[in-house]
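Every number in this text was worked out from the coordinates using simple rules, so none of it is lab data. Remember, it's a predicted structure, so these values are computed and weren't measured experimentally. Every residue, glycine as well, gets a Cβ built from its backbone with ideal geometry; the counts of neighbours run over all protein chains shown.
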Amino acid sequence: MKNSDLDLQKEIERYKKRALNNLKNLKKIENSKNLFKSKINKSLVNKPYEENYYKFIYERREKNIKILELCCGEGESSEVIIKNFTNIIFADISPLSLEVIKLKFKKYLTNQIKFVECNIESLPFKKDEFDLICCAGGLSYGDNDKVLDEIYRVLKYNGIFIAIDSLNENPIYKLNRYIHYLKGNRTRSTLKRMPDFKLIKKYKDKFGYIKIVYSGLLIWLLEPFSKFIGYKIANKISNLFDYLLPNWMAFKFIMEIKKIK
């Protein structure tokens, strides 16, 4: 068995363990329709999601479009999707994580919302099936080229792919991820597959159009200081540095890609 396959099994077991624990906790609450309440955590770590990724998705809301969320996990980034779209497929490699998201969003479920267990490298969907595909932090959970080709295959012509992920250029963030690897929170394969400028260029060349935002360039410094100077001031400083500093320093990148090739 290849190292990447072994790492995949490790990831599945890790998410299985987490999902089992969360399912146990969630099922203790009788009124499951109140399990998930919208709550904005004023943290600079969440800023790229709140100010960019969710906004990009919300702006694409439209009746009758078919949307796929890849690597949806336990629905950490799914609220904007389930509240603004109707024809949805949530896809993840962990079946227990899918059970968690079902419980979290129980009151929103309809027969047009489906859950599919699958590997991001080999999607069980037809060619040109989706109008919109979203992915939060999942691009490194498969071979980069295979994942890119699969997303391209199942996305319709003129369809949109929106993703947020870590950028693997800043040595400070690289070191932080390596520490998490040593702690057993990541696998070696995911470290090797973290998106970088080369991968972003591949997406642009393959699909034809890309809009990209780089965010959190000094978040490693400003996040702890925000506890003293307050979120609003820290966020203003963060926005200024995001504008002035080079993109390779970014914590996250958010890309909106259109398939025009």
Mean separation of Cα contacts under 8 Å (6+ apart) over length of the stretch 124-261, as relative contact order %: 34 percent
For the chain: rounded, prolate or oblate by the Cα gyration tensor [a/c cutoff 1.5]: rounded
Exposure proxy order (Cβ contacts within 10 Å, fewest to most) of S189, S43: S43, S189
Prolate/oblate/rounded label for the stretch 194-261 (Cα gyration tensor, a/c 1.5): prolate
Rounded, prolate or oblate (a/c below 1.5 giving rounded, otherwise prolate when a/b exceeds b/c) for the stretch 126-226 by Cα gyration tensor: prolate
Within straight-line cross-link reach of K252, aspartates and glutamates at Cα separation under 13 Å, skipping those fewer than 8 residues along the same chain: E50, E51, D165, E169, D196, D242
Helix-derived mean residue ellipticity, 222 nm - over the chain, DSSP H n ≥ 4, -39500 (n - 2.57), to 500: -13000 deg cm²/dmol
Listed residues K236, K55, K174, most fluctuating in the chain (Gaussian network, C-alpha, under 10 Å): K236
Top of L244, L199, L96 by mean-square fluctuation, Gaussian network on the chain, Cα under 10 Å: L244
For the chain, the longest site-free run once GluC sites (Glu not before Pro) in DSSP loop states with at most 12 other Cβ atoms within 10 Å are removed: 63-261
Relative contact order of the chain, defined on C-alpha pairs under 8 angstrom at six or more residues apart (%): 21 percent
Convex hull of Cα atoms in the stretch 143-192, direction-averaged projection (nm²): 4.4 nm²
